[in-house]
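Let me begin by presenting the structure, written as C-alpha cells, before commenting on it.
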Amino acid sequence: MTQSSRYPRRDVLQLGLAGMALPSFASLRAAPNTANTASTALTTKKPPVRLVTIFFPNGVSLPPDGHESFQDWNWFPHSPGSDYVMTNSLNPLSNLRSDLSILSGFSHPNLRSNITHSCSAQFLTGEDQSKGYRNSISYDQVFAEMIDGATRFSSVPLSTAGGTGSLGRPATLSVNRDGALIPAMSDPQQIFNRLFVVDSRGVTARSRSIARDRSILDQVSSRLSGLKNSLGTEDRGHLDSYLTATRTLEKQLGRANEWLNIPKPEVDPGLFDFDAQPTRELGTNYMRTMFDLIHMALLTDSTRVVTYQTAMENAGGRGNKLPYAAGLSLHHHQLSHSAARDNGGWERWAKYDQYLSERLSEFLTKMAATPDPLADGSLLDNTIVLYGCGTSKTHVGKNYPLVLAGGKNLGLKHGSFHRFENERPFNDLLLTLLQRAGVKTDSFGDSEATVDQILA
Amino acid sequence: MLKSAICLTLLVAMSGLAAYADETREQTAKLPSRDAVLQATYSEQISPIVERNCGACHGGNDQEAGLRFDQLRSSKLSDQDVAVWSSIRDALNSHQMPPEDAEPQPTQQQRQQIVNWIDASFEQVAQQRRANRSSPMRRLTVAEYQNTLQELFGAEVPFAQNLPAAPLSEHGYSRDAALLGVSALELEYFLAIARQAVEDYVIFGGHIPDSEHVLIEFEDVEYRPGVSGGYSFGKPLDRKELSHTLQERSGGQVVYSERTLFPLPDGPLDLNSEELNRADRQKFHQQFARFRMSELHKAGEVIIRMHVAAKLGDDGSAPRLRVKLDDTSGFQFEAPIGGECDVTASIEKPQICTFRIPFRHVPNTDAKDTEDNSEEDNDDRKEMSLTLSVANVAHDADAIFDVVPEGYNYSAGRQGLMARYRKTLADSIVSKTAMRKAGTNELYLDAVEIDIVPFGLDPGAGLWRVDAQRAVLNAGAASRTVAKETLHSLMQRAYRRSVTTTELDSMMSLYDQFVSEGDEYDEALKETLSTVLISDPFLYVAAPVAQQDQPFISQEESSQLASRLSYFLWSGPPDERLLELAAEDQLSDPASLAAEVSRMLRDPRARRFSERFAREWLRLDKYDLVAVNPEFYANYDEDLGNDMVAETVATFQAILHDDRDARELISSDSVYVNQRLARHYGLPSVTGGQFQATTVPDYRTRGGLLHQGAILTMTSDGAESNPIYRGVWILERLLHDPPPPPPPAVPSLEASSADFANLSLKQKIELHRKQSACATCHAKMDPWGIALENFDAIGAWREQALVINPDTAVKSFAPVDASTVLPTGEQIKDSKDLVAYLVNERDKQFTRAITWHMMTYALARAPNLGDEAQLKSIHRHFRTSGYKLSSLVLAIVQSEVFQATPSWAGRN
C-alpha cells in the first residue's frame, strides 16, 4: 500500500502554509462535547485555551560581567523594559517581540539550593526534594484535568528521551495528581500514529475492547466494596486508592467510548519527517518535526495541553547530542560544564542557546501565522507558550531563563523584558498562567501572588 | 470514691504527673479519658510556659528551625508529631533550648514539667500503637511485582520495564506501605502488562517448538557496509548437526579470528566523535555477530557459549569478556548483557564462558501501522534476527578507543562506502602496534555456540498450558471446565494462598459474561486470567479476605505470613513449601519458622533481599544523582562507578550470607575489589573484573563502608568532597540520629565574595558554622564528614584537596586537614581514627541503627513508639549472637510486630 492511497490527498485541504494541512472540518465540528452534557461548560462559545510548555536542560550561557562575551552572548538582555535589546542568544526571536516577554528572577524556593539532575520533574510543580523524591501535580495537568473531555487527548507529554526516565533522571515534565511521572512520547512516527492514525482494528473491535475493560474493572472493584467495613483505617486508605484508580479508569474508558465514533482528523503524513532523529545530521529536523507535530496537534484540536522536554539534565540521554546538530563539537552537558574553562566557552555554549531560540522562533512564527479554526485570531493568540529551564547556569537553581509567548486573547501582555530583583516563586508565574487559562484557583503549590506585570 | 481511685491509679501510672495530680483529680470527677487528661494538662499548664519561653522564636512571628508551637499538635500525635516533640524534649533536657542568651528562661521545674508531659504523652501513644498493631495491606513494589510475574511465568524478562518510576520513602525505602498506592495510570499499565504476559506465556494446545542452534566461527564473520544490519549471519543448525560440528572441530587446531579484542581506556569514551559512537562501527574492544531464528519465538532464552582465550597483559591483567544482545527489532531483555567473564585460558587451550539471556519479542504495534521503508531484509526476517555484541571490557590506561576497519568483507558491498574504512586502516595499525608495545591484554575469539530455547530453561517456563484439544472437542461444557481449571490454578499461584469456591465462582462469572457477549472461550479465558493479575490479592501483600471466605482457608493463609516472609527475604512470592506450611498452619510454629528463615537465607533468592536492603539502607540510589565532572576526574567513567556500587553491595552480601559480625561493615581489614578498583584505591593488584576478597596493607586506609568509593562519591557533588553530606550520611545511615532539615531561610553554602571562593571547603564550612543560625545543627554533623577529607569526590586518597573557584573555575590545591572534634568532644585525627571510635565506642548505636533500618524494611513502615520494646529485645538477640545479621533477621521475623495479623483477619 502506498501512502497516497491511504491518505487521499484530495481530501486534505492545503492551507497554503508550508508543512501544514487543515483537518477535515467535519471532524473538528464533531467534537463530542456537543453531545456530552458533562462538558457543556466547554461549548464552542468559549474560545479554546491551549497551554504549551517547553523545557531545555542545563541552564544558559551567562558570561560574567566584564567577560568579552558578556555584552553579546549573555542570555538575558542587559536592561529591562519595553525597549530592551535582545542579545545574540535570543535574537532569532526579534521578529516576535510583540508576541512575547522575557522574564528573569523566578525560581522555585524549594529548589534553589538543592539542584540535582532531577529538576525537570519539579520544574512544573516546585516540590521540595531535600528529603528524597516527592512530587505533586504539575500545572499543565491541573489545566488538563479541568478541560478533560474537550479533546481526544487530555494532554500530550513529549520529550526527546521518551518514557518517564528514572526519578534521578526524569524524561518528562508532566506529573499526575499522585505525584507519578507521566510517560512522554519521543518518536515522531509514534506520536503521529497516536494522534492521527486510525486504529486498524475497526470501531466494533475497539468498542468491544472498551466494554471488556469496563467489565474487568467492575469485577476487581466489586470484590472490594464488600470488604471495606472489616478493615482498619490505613488499610481502608489503600482500598480507597485502588477503588479511586478503577473509577478514574472507568471514566477514561467512558471518554474513549464517546470518541469512538468520531474519526481522527486526517493529516497528511508526508508533511512530517519521520526519519528525523536527535543526531548530528538529523537533529534540527527532529526538533522541527516535534514542533510541527505540536502545532498540528493544536490545530486539529486533538489536545490543548503539550509539554516538551528537549533533553534530560545529564550527559547520557538522547537529546544531549542536539548541539552537534547546531554545528558544535560538545554535547549539551559538556557545553555547560566547560564554559568557564575554555577560551570562548561561554560563546560556544551561547550558540546553542541561540540555536534553541531559532527552533522556538520557527514554532512561534508558524503558530502566529495560523488562523485559529475555532476562535478569533491566530493559534498563538489563544495558546500560552512557556519556554525555559529550571537552572540559570548549570546547577544554579535561581533566576530561571524564561520566555513567555502567545495568549494575547487570554489577557497576556507582551513586548517587555521583566526583571524581578529578589527571586520570586516560579509558581507565582504558573498560577498566573493557570488563571489566564481559566482555572479558578488562587494558589498553586507554594505560590504567593500573581504576576501582574504580564497581564493586559 | 471508686471513680477517683481509678483516676488516681491512672495518673500515677503517668510518670511524673503525680506532682500535680491533686489539681487534676478535682477536675476529673467524670473520669475523663487519658487523652483528655493530657490535653487538659497541656492547655492549662504546659502551653503557657511554652508560649512565654519559646513563642518569640517558634510562633506566629518567627519560625526558627521551622518549628511553631502555636501549630503543634498536643493530642492524637502522629509519628511526625512524635518526632518533633522528641527533639523538643532532647533540646530541653540538654539545655540547648532556649538559647543561653534568650529571655525569659524557664525554671528547672518548668523544664521538667514539659518533659514529663511529653513522656506521659508518648507512653499514651505507645499504648495506642500497640493496641492497634497490625500488618498493613501493602502493594508490591515494582521490583517485587516483576519478580512475582517472573516466577509465575518462569521467564526473567522485564515485565515491569514500562511502569512509571516509583519514589522512595522519606527514609529511603521502596517498600513503605503508605507510599505504595495504585493510581489510574499504574492500573492501566498493570492491565496492559498482564495481558501481554498472558498472551506470551499461556499456551493454548500445540507443542513447544524445539530449540535451535547456531554456531559462529569468528574468523568467518564479515561486515558488509551499506547492507542493513551489516554483519553476516551465523549458520543455523539442528541439534544433530551441532553436535556433529562440535565433534569435528574438537580434534583439530583452534583457529582464532584475526581480530583480537583490546581493552578499553580509563575514563569516559570519546563521545565527541559521532563516528566513534555509532553502534555499527567495530571498535578495538568489540565485535558483532548476527544470527537468526528460523521461526519467531515470542519468548525464550538465548544460551551463549563463548570459546575464547587470552593473551594476558604485561601487568598480569586479564581480558574481561562481556556479551550482549542488542535490542534491535522489538526484543526485550531484562538484562541485555548476559554477564561478564574473566578470560585467562591460554591460546593453546581455549575456555568456554556460558551466558543466559532470556528474551521476549514484543512487536511495536505502532510501527506496524505504517509502511516499512527498509530497503534490505524483508520485515519478517528482520524480526527474527538478533545481534550479538562481544566486548573486552577490561580497562587499561594504555588502551585506545577507535574504530577498526579490519574484518570487513572487501570484495562485496559498495566501493564508495569501503573507501572510508580503508582510509582508517593505516591509523588503526598504528594504534594496534602502540597497544601491543604497551603490553595490554588481548581477547582471542574462537567461536560461539548459541542455543535458542523457546520459553527458556526455567523450571516454571511453559507452565501455563490450556488443553485446547479437550476444550474445543466438546465446545461449551468442556471448554468451560478447561477454563475453570486453568483459572483455578492461576488464581492459587497469583493469590499465594488457597482460593475459595466463592472466589473462583465470582471470577468465573466474568468468564461467563465474556462468553455470553460473544467472545470465544480462549479470548474470554485470557481476559479473565489478566483480570486475576490486576486484582488486589495479586497486587497486594495482606490483601483482605472476605469474612465468609475466611473459614475456608487456614489462619496463616488468612494472615499471609508466607507472603510477608517471602517478600521480606526474597523480594518475591513464597514457594510451594512455604505455601504448604501456611495451608496447614505450621509456618508460625517457632521451630519451623526458624528452619524456614534459615532455608530462605541460603536460597539464591535471598541475594535479592541483601542487595535491595543494602541499596536502600545505604541510599545507593543517590549515587545516580551525582554527576562526576570529567574535567576534574578524567579517569572516572560509568564502569568504575558501577564497580564502586557493586563493591558496597558485595561487602554487605558477604557479611550477611557468610554469617560474619555486622561490625565488620564499619571496620575491616579486608575489602572486595576487582582489578580496576584495586588500582583506584592503590591496593596490591588483583587480576580480572571479578570481585575478590583482598587484605588491606597497613599503609593504606581502606576497609569498611566509610572508605568505599560509592559512599564517598555519592556524598560529594561531582567535583569536590562535601563533609556536610558525608556527616549527614553517617548520622542517618550508620547512627540513626538524623539531623533536622535545614530551616527555610538559611543561606546556602555559597558566597559571592572572592575571598570566600578561595577557601578550602573545610574553611568554608567552618565559616558557615559561625553563622549562628547554622551553628547548633552543623556542629552536630560536619565534624563526622571532615574526618573523611582525605578522600576526594570519587573516593580516591589524597593529601592535597582541590579547590575550585565557582566563578572563574580556577583550580588550586590546599593541604588536607582531616582532624576534627566530634560533638561529644572526642578528638579525631583522621578517618582511621573515626572508624576505630565508631566500632569501639558507638558499636551499640550502630547496631541499633541497623536494627531500626532493617525493621523499617521488614515491616514496610518506620517503627513507631509502640515498637520500642520490640526493637530493644530484637537488638538484644542481635547482640548475643555476636551481631550476626542472620540472627537479626530471625529475631525480626519472630517478633510480635512482624507476626501481627492484618487488621481484617481473625476479628470474626
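The values are calculated or read from the model by the stated rules, or taken from the named source; none is laboratory data. From a predicted model like this one, the values you see are computed outputs, not experimental measurements. Here Cβ is always computed from backbone atoms with ideal geometry, including for glycine, and neighbour counts include all displayed protein chains.
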* Asked: Somewhere in region A:142-164, is a residue within 8 Å of another protein chain (Cβ to nearest Cβ), surrounded by 23 or more Cβ atoms within 10 Å (Cβ to Cβ) and either among the basic types (Lys, Arg) or in a strand (DSSP E or B) (or both)?
  -> no
* Out of region B:842-871, which residues are at pLDDT 95 or above and acidic (Asp, Glu)? -> B:Asp843
* **Single match in B:Ala155, B:Ala184, B:Ala160 (criterion: closer than 30 Å to B:Ile534 by Cβ, without any contact (Cβ under 8 Å) to a residue 12 or more places away in the chain and buried (at least 18 other Cβ atoms within 10 Å of the Cβ))** => B:Ala184
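Among the strands (runs of 3 or more DSSP E) lying completely within region A:357-453, list those that include at least 1 residues that are closer than 17 Å to A:Ala297 by Cβ.
A:383-388, A:402-406
Table: residues versus (1) hydroxyl-bearing (Ser, Thr, Tyr); (2) part of a loop (DSSP other than H, G, I, E, B); (3) at pLDDT 85 or above; (4) over 26 Å from B:Asp737 (Cα atoms).
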site: B:Cys7; (1), (2), (3), (4): no, no, no, yes
site: B:Ala21; (1), (2), (3), (4): no, no, no, yes
site: B:Thr24; (1), (2), (3), (4): yes, no, no, yes
site: B:Ser43; (1), (2), (3), (4): yes, no, yes, yes
site: B:Pro48; (1), (2), (3), (4): no, no, yes, yes
site: B:Ala65; (1), (2), (3), (4): no, no, no, no
site: B:Asp90; (1), (2), (3), (4): no, no, no, no
site: B:Gln96; (1), (2), (3), (4): no, yes, no, no
* Single match in A:Thr279, A:Thr284, A:Thr244, A:Thr289 (criterion: β-branched (Val, Ile, Thr) and without any contact (Cβ under 8 Å) to a residue 24 or more places away in the chain) -> A:Thr244
* Would you please name the residue that is farthest from A:Thr164 (Cα to Cα), looking only at residues in region B:171-181 that are facing chain A (nearest Cβ under 9 Å) and surrounded by 22 or more Cβ atoms within 10 Å (Cβ to Cβ)? => B:Ala177
* At least 3 residues that are within 37 Å of the chain's Cα centre (by Cα) in each: list the helices (runs of 4 or more DSSP H) lying fully within region B:426-527 that qualify. => B:477-495, B:501-516
* Determine whether B:Arg129 is more than 10 Å from chain A (Cβ to nearest Cβ), within 30 Å of B:Val84 (Cα to Cα) and either at pLDDT 90 or above or surrounded by fewer than 20 Cβ atoms within 10 Å (Cβ to Cβ) (or both). => yes
* Which one of the conditions (1) more than 13 Å from chain B (Cβ to nearest Cβ); (2) surrounded by 19 or more Cβ atoms within 10 Å (Cβ to Cβ) does A:Leu322 fail to meet, given that it meets all the rest? -> (1)
* Asked: Which members of region A:202-230 meet the condition of being polar (S, T, N, Q) and either at the interface with chain B (Cβ under 7 Å from one of its Cβ atoms) or within 17 Å of B:Val182 (Cα to Cα) (or both)?
  -> A:Ser215, A:Gln219, A:Ser221, A:Ser222, A:Ser225, A:Ser230
* Structure fact -> Just one listed residue, out of A:Ser61, A:Ser94, is touching a helix residue (DSSP H, G or I) at 6+ places or on another chain (Cβ under 8 Å) and of a type in the set (S, T, N, Q), and it is A:Ser61
* Asked: Is it the case that some residue within region B:191-206 is free of Cβ contacts under 8 Å to residues at least 40 places away in the same chain and either within 14 Å of chain A (Cβ to nearest Cβ) or among the aliphatic types (A, V, I, L, M) (or both)?
  -> yes
* Would you confirm whether any residue within region B:556-565 is charged (D, E, K, R), modelled with pLDDT under 95, out of contact with any Pro (no Cβ under 9 Å at 6 or more places or on another chain) and farther than 25 Å from B:Val482 by Cα? => yes
* Asked: Only one residue in A:Leu173, A:Leu167 is facing chain B (nearest Cβ under 7 Å), assigned to a loop (DSSP other than H, G, I, E, B) and under 30 Å from A:Asn135 (Cβ atoms), so which one is that?
  -> A:Leu167
* Looking at (1) under 32 Å from the mean Cα position of the chain (by Cα); (2) more than 13 Å from chain A (Cβ to nearest Cβ); (3) surrounded by fewer than 22 Cβ atoms within 10 Å (Cβ to Cβ), find the lone condition where B:Asp536 falls short. => (2)
* Has region B:508-517 got at least one residue that is more than 24 Å from B:Ile892 (Cβ to Cβ) and either away from every other protein chain (no Cβ under 14 Å) or β-branched (Val, Ile, Thr) (or both)? -> yes
* **Condition met for A:Asp240 (surrounded by 21 or more Cβ atoms within 10 Å (Cβ to Cβ) and of a type outside the set (A, V, I, L, M, F, W, C))** => no
* Residues in region A:345-360: is at least one within 12 Å of chain B (Cβ to nearest Cβ), without any contact (Cβ under 8 Å) to a residue 40 or more places away in the chain and either of a type outside the set (A, V, I, L, M) or within 27 Å of A:Asp381 (Cα to Cα) (or both)? -> yes
* Go through the residues of region A:303-312 one by one and say whether even a single one is more than 27 Å from A:Phe123 (Cβ to Cβ), within 14 Å of chain B (Cβ to nearest Cβ) and buried (at least 21 other Cβ atoms within 10 Å of the Cβ). => no
* For B:Lys324, which of the numbered conditions (1) among the basic types (Lys, Arg); (2) within 21 Å of B:Glu222 (Cβ to Cβ); (3) modelled with pLDDT under 85 fails to hold? -> (3)
* To do: State whether one or more residues within region B:631-638 are assigned to a helix (DSSP H, G or I), under 19 Å from the mean Cα position of the chain (by Cα) and under 30 Å from B:His736 (Cβ atoms).
  => no
* Asked: What about B:Pro783, is it under 34 Å from the mean Cα position of the chain (by Cα) and modelled with pLDDT under 70?
  -> no
* Structure fact -> The residue that is farthest from the chain's Cα centre (by Cα), considering only those in region A:183-201 that are part of a loop (DSSP other than H, G, I, E, B) and more than 7 Å from every other protein chain (Cβ to nearest Cβ), is A:Arg201
* Structure fact -> Filtering helices (runs of 4 or more DSSP H) wholly in region A:216-327 for at least 1 residues that are more than 22 Å from the chain's Cα centre (by Cα) gives A:233-260, A:322-325
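Just wondering, is there one or more residues in region B:513-533 that are aromatic (Phe, Trp, Tyr), surrounded by 16 or more Cβ atoms within 10 Å (Cβ to Cβ) and closer than 19 Å to B:Ala582 by Cα?
no
Would you call A:Ser200 in contact (Cβ under 8 Å) with a residue 40 or more places away in the chain and in contact with a Lys or Arg (Cβ under 9 Å, 6 or more places away or on another chain)?
So A:Ser200 does not fit the description; no.
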* Does B:Met600 satisfy being of a type in the set (A, V, I, L, M, F, W, C), crowded, with 21+ Cβ neighbours inside 10 Å and farther than 30 Å from B:Ser895 by Cβ? -> no
